[in-house]
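Below: one structure, written as structure tokens.
Values in this text are rule-based calculations from the coordinates and carry no lab data. Nothing here was measured: the structure is a model prediction, and the numbers come from that model. Every residue, glycine among them, receives a Cβ derived from its backbone with ideal geometry; neighbour counts consider all protein chains shown.
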Amino acid sequence: MLRQLNISDGKLTESPNGSGQVCVYITPDEAERKFLVEQLKIDEHTLSSSLDPDEVSRLEFEPEHIAMIFKRPKRYSAIDNFLFRVGSTGAFMFKDRLVIVLAEDAPIFEGRPFTKIQSIQDVFLRLIYRAISHFVEHLRGINQISNELEQQINSAMENKYLLNLFTLEKSLVYYLDATHSNNAVIEKLKNNAAKIGFSQENVEFLDDIQIENTQCLRQTEIYSQVLASLMDARASIISNNLNIRIKALTLITIAIMLPTLVVSIFSMNVRIPLEEHPHAFLIIFSLAITSSIIVGILWWRKKW
């Protein structure tokens with residue numbers, strides 16, 4: 001699918017005549033891929049990298065355009081089961097147009113960064129900035145989910161909450177790798193700002209992007225380290241909760257077994273005391289109840 005947009009009054013608007021300055025290809029079909037490779041001279045391997053979620057971020061200089069592959073978080077849904085995924089995006093900047101290739105439809109032009117744009121260089125840089133902002137938003141969500149799961153683990157014995165935390169930790173590893181990869185691209189953009197043709201405002205904005213990505217990287221590292229260091233403690237909490245439940249069940253079993261023992265003794269087919277006593281049943285019943293009460297008192301006094 002192809003979307004074409006123009007830069008008008010500092011914003012991106014849909015192109016009515018089908019010839020936009022910004023062309024967005026969403027999961028391009030064979031005909032679109034052929035056009036990109038043969039007509040726009042985009043390297044076929046680089047084009048495939050734009051659709052590969054495992055591809056690393058990079059910046060390449062071609063004779064007619066600049067190719068940038070960068071990482072951005074995928075849209076999260078409930079079916080992902082706490083796994084936050086990372087995807088790749090390709091941005092190919094020509095002199096008069098910007099071509100963007102996505103593996104799936106995503107709102108890449110949302111937010112304040114796209115309210116004051118004057119050139120395709122502005123859009124080029126704001127794509128990275130928006131990706132970083134998206135990572136930060138997901139990190140806040142991961143932190144909130146982690147706190148909720150921690151509270152559930154404190155009172156639960158099930159493994160599913162712990163497995164959910166493992167999945168979150170896995171997501172943070174992916175995010176950490178993605179932000180590291182993006183940081184290398186940002187650094188290369190800064191070193192080649194003059195060659196690319198960035199204005200002074202673009203260079204200043206690129207500095208802001210690098211600061212934001214560094215903060216995102218640091219935040220991801222902190223969340224990853226904290227989550228990893230607490231995994232063993234949370235596993236121990238589940239084990240401790242299980243031991244407490246088993247202990248309680250054992251004491252309940254003892255409290256039930258003592259009355260059963262008393263009744264069993266007086267039910268033997270031999271001559272026993274109280275056999276001829278008129279209140280034998282009440283006495284035996286009282287002994288059984290007393291044994292349970294004694295276990296209960298010991299449980300309370302010993303704080304078992």
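What are the residues whose amide H is under 5 Å from the amide H of Gln21, where those residues sit 5 or more places off or on another chain and H is modelled from the backbone?
Under 5 Å from the amide H of Gln21: Leu5, Asn6, Ile7.
I'd like to know which of Leu287, Asn202, Ile66 lies farthest towards the positive end of the charge dipole of the chain, counting +1 on Cβ of Lys and Arg and -1 on Cβ of Asp and Glu.
Comparing the listed Cα positions along the dipole, Leu287 ranks first.
Among the lysines, which have Cα under 21 Å from the Cα of Lys188 when same-chain residues fewer than 8 positions away are ignored?
Reachable lysines: Lys71, Lys95.
Set the Förster radius R0 to 41 Å, insert the Cβ-Cβ distance between Leu261 and Leu163 as r into 1/(1 + (r/R0)^6), and round the FRET efficiency to 0.05. Walk me through the intermediate numbers first.
On the way: r = 43 Å, r/R0 = 1.05.
Once rounded, the FRET efficiency stands at 0.45.
When the helices in the chain are scored as -39500 (n - 2.57) per DSSP H run of 4 or longer and the sum is shared across all residues, what 222 nm value do you end up with, to the nearest 500 deg cm²/dmol? Before the final figure, lay out the partial values.
Numbers: 7 runs with 177 residues, N = 304.
Dividing the helical sum by the residues of the chain leaves -20500 deg cm²/dmol.
Using each residue's phi in segment 128-136, evaluate 6.51 cos²θ - 1.76 cosθ + 1.60 at θ = phi - 60° and report the 3J(HN,Hα) Karplus result to the nearest Hz, with x for Gly and Pro.
With coefficients 6.51, -1.76 and 1.60, one gets 5, 4, 5, 5, 5, 4, 5, 4, 4 Hz.
Report the label-to-label distance for Glu104 and Asp208 in nanometres (one decimal), using points 7 Å from each Cα along the Cα→Cβ vector.
Taking the simple label geometry, Glu104 and Asp208 are separated by 3.0 nm.
Could you give the length gained on full extension between Tyr76 and Glu137, defined as 0.36 nm per residue of separation minus the Cα-Cα distance, in nm?
Numbers: separation 61, 0.36 × 61 = 21.96 nm, distance 1.14 nm.
Additional length available on full extension: 20.8 nm.
Assigning unit charges at the beta carbon (Lys, Arg +1; Asp, Glu -1) and nothing else, what dipole magnitude in debye, to the nearest 20, does segment 71-144 show about its Cα centre? Before the final figure, lay out each step's value.
Working: 12 positive and 7 negative charges, 37 e Å.
The calculated dipole for segment 71-144 is roughly 180 debye.
In debye to the nearest 20, how big a dipole does the chain give about its Cα centre with +1 on each Lys and Arg Cβ and -1 on each Asp and Glu Cβ? The partial results should precede the final answer.
On the way: 31 positive and 36 negative charges, 270 e Å.
Charge dipole, the chain, about its Cα centre: 1300 debye, nearest 20.
Between segment 81-157 and segment 180-194, how far is it from one alpha carbon centroid to the other, in angstrom?
18
Taking amide H positions as placed in the peptide plane 1.01 Å from N, state which residues far from Asp43 in sequence (5 or more) or on other chains have amide H under 5 Å from it.
Answer set, sorted by chain and number: none.
So for the chain, averaging the separation of alpha carbon pairs under 8 Å that are six or more residues apart and normalising by length, what relative contact order in percent results?
Details: 374 pairs, mean separation 45.9, N = 304.
The value is 15 percent.
So if we plug the beta-carbon distance of Asn240 and Gln215 into 1/(1 + (r/R0)^6) with R0 = 45 Å, what FRET efficiency do we get, rounded to 0.05? Kindly include the intermediate steps, with their values, before the conclusion.
Values: r = 37 Å, r/R0 = 0.82.
Plugging the Cβ-Cβ distance into 1/(1 + (r/R0)^6) gives 0.75.
Specify which labelled value, from (1) 33.3, 112; (2) 18.8, 56; (3) 19.6, 66, agrees with Rg and Dmax of the Cα atoms in Å derived from the coordinates of the model shown.
Computed from these coordinates, Rg and Dmax of the Cα atoms in Å corresponds to label (1).
Report ³J(HN,Hα) in whole Hz for each residue of segment 110-124, in order, from the Karplus equation J = 6.51 cos²θ - 1.76 cosθ + 1.60 where θ = phi - 60°; Gly and Pro get x.
8, x, 4, x, 9, 9, 9, 10, 10, 8, 5, 5, 4, 4, 3
Picking from Ser119, Ser57, Leu168, whose Cα lies most toward the positive end of the charge dipole for the chain (charges on Cβ: Lys, Arg +1; Asp, Glu -1)?
The residue sitting farthest along the positive end of the dipole is Leu168.
Grab the Cα-Cα distance for Glu38 and Trp299, subtract it from 0.36 nm times how many residues apart they are, and report the gain in nm with one decimal. Walk me through the numbers on the way to the answer.
On the way: separation 261, 0.36 × 261 = 93.96 nm, distance 8.19 nm.
Here the segment from Glu38 to Trp299 would lengthen by 85.8 nm.
Can you run phi through the Karplus equation (6.51, -1.76, 1.60; θ = phi - 60°) for segment 90-106 and list ³J(HN,Hα) in whole Hz, with x for Gly and Pro?
Each residue's phi maps through the Karplus curve to give x, 10, 10, 9, 9, 5, 10, 7, 10, 9, 10, 10, 10, 7, 8, 5, 8 Hz.
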